[in-house]
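The values are calculated or read from the model by the stated rules, or taken from the named source; none is laboratory data. From a predicted model like this one, the values you see are computed outputs, not experimental measurements. Note: ideal-geometry Cβ built from the backbone for every residue, glycine included; neighbour counts use all protein chains shown.
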Amino acid sequence: MSIVGELGINMTAEGMAALSKLDDLLDTTIEVGYHADQTAADGEHTLAEIAYWNHYGTLHKDGSVMIPARPFMDTVKKHSEELSEFSQQAMSSLETADAVANAIGSQAKSMIQDAIKDEDWVPNAPITIEGGWMMNEYGKKGPVPVHIEGKRSTKPLIDTGTLRQNCHYVIKKGKK
């Protein structure tokens, strides 16, 4: 706000409030997605790991695709203009910097959840849908047989809803 005084600008109360909100948001970071403390249903992995594997995909040792990439987290970047417009509206209509940050975090989270549910991702593989036995080449002592329960759905990322439902945001304040 010091630049306003240096320029000799006499701001309205509304302008001062907006500038104060911007100042409060200056050192605010909104992290959206999955964090290391969120455990997946299998109890062995974190949701962050599951999200990473699904977002980027994984490969078999021979280089063939094991899990196809389904980049649902990219929706925030893909729709950055929409999020920017939303952020401007939040700045104009909400009273505090905390309310603005929470609104932006909630909107970004909703965008990711909608992408998981609505995008046209590569369908699940037949073994994923129907279930059965397969060899997991990444066993601790070499390949091991693994039984897949089957999801009964061709739509990826939504079988239990855990990934979609547990996307969240965290607001961090202070210097990075």
Among residues of the stretch 39-66, those that are assigned to a loop (DSSP other than H, G, I, E, B), surrounded by fewer than 17 Cβ atoms within 10 Å (Cβ to Cβ) and among the small types (G, A, S), counted: 5
Residue among T39, T29, T58, T12 that alone is touching a residue at least 12 places away in the same chain (Cβ under 8 Å) and either within 28 Å of G161 (Cα to Cα) or assigned by TED's automatic domain parsing to the domain that holds N166 (or both): T29
Given (1) loosely packed, with under 12 Cβ neighbours inside 10 Å; (2) at pLDDT below 85, number of the condition D120 does not satisfy: (2)
Candidate set: the stretch 126-163, residues that are within 26 Å of the chain's Cα centre (by Cα) and of a type in the set (V, I, T); chosen: the one surrounded by the most Cβ atoms within 10 Å (Cβ to Cβ): T128
The stretch 157-176: number of residues that are touching a Leu at 6+ places or on another chain (Cβ under 7 Å) and among the hydrophobic types (A, V, I, L, M, F, W, C): 2
Single residue of the stretch 75-103 satisfying the filter (touching a residue at least 40 places away in the same chain (Cβ under 8 Å) and within 19 Å of H168 (Cβ to Cβ)) that is farthest from the chain's Cα centre (by Cα): D98
Single residue of A69, A99, A108, A115 found to be at pLDDT 95 or above, closer than 20 Å to I158 by Cβ and surrounded by fewer than 18 Cβ atoms within 10 Å (Cβ to Cβ): A69
Residues located in the stretch 24-38, provided they are over 12 Å from the mean Cα position of the chain (by Cα) and either modelled with pLDDT of 90 or more or loosely packed, with under 13 Cβ neighbours inside 10 Å (or both): L25, L26, D27, T28, T29, A36, D37, Q38
Boolean, D74 is loosely packed, with under 15 Cβ neighbours inside 10 Å and in contact with a Gly (Cβ under 9 Å, 6 or more places away or on another chain): no
Which numbered condition D114 misses (of (1) in contact with a Cys (Cβ under 7 Å, 6 or more places away or on another chain); (2) over 30 Å from A18 (Cα atoms); (3) of a type outside the set (A, V, I, L, M)): (1)
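Mind telling me which of the residues Y52, Y34 ends up being out of contact with any helix residue (DSSP H, G or I) (no Cβ under 7 Å at 6 or more places or on another chain) and aromatic (F, W, Y)?
Y52
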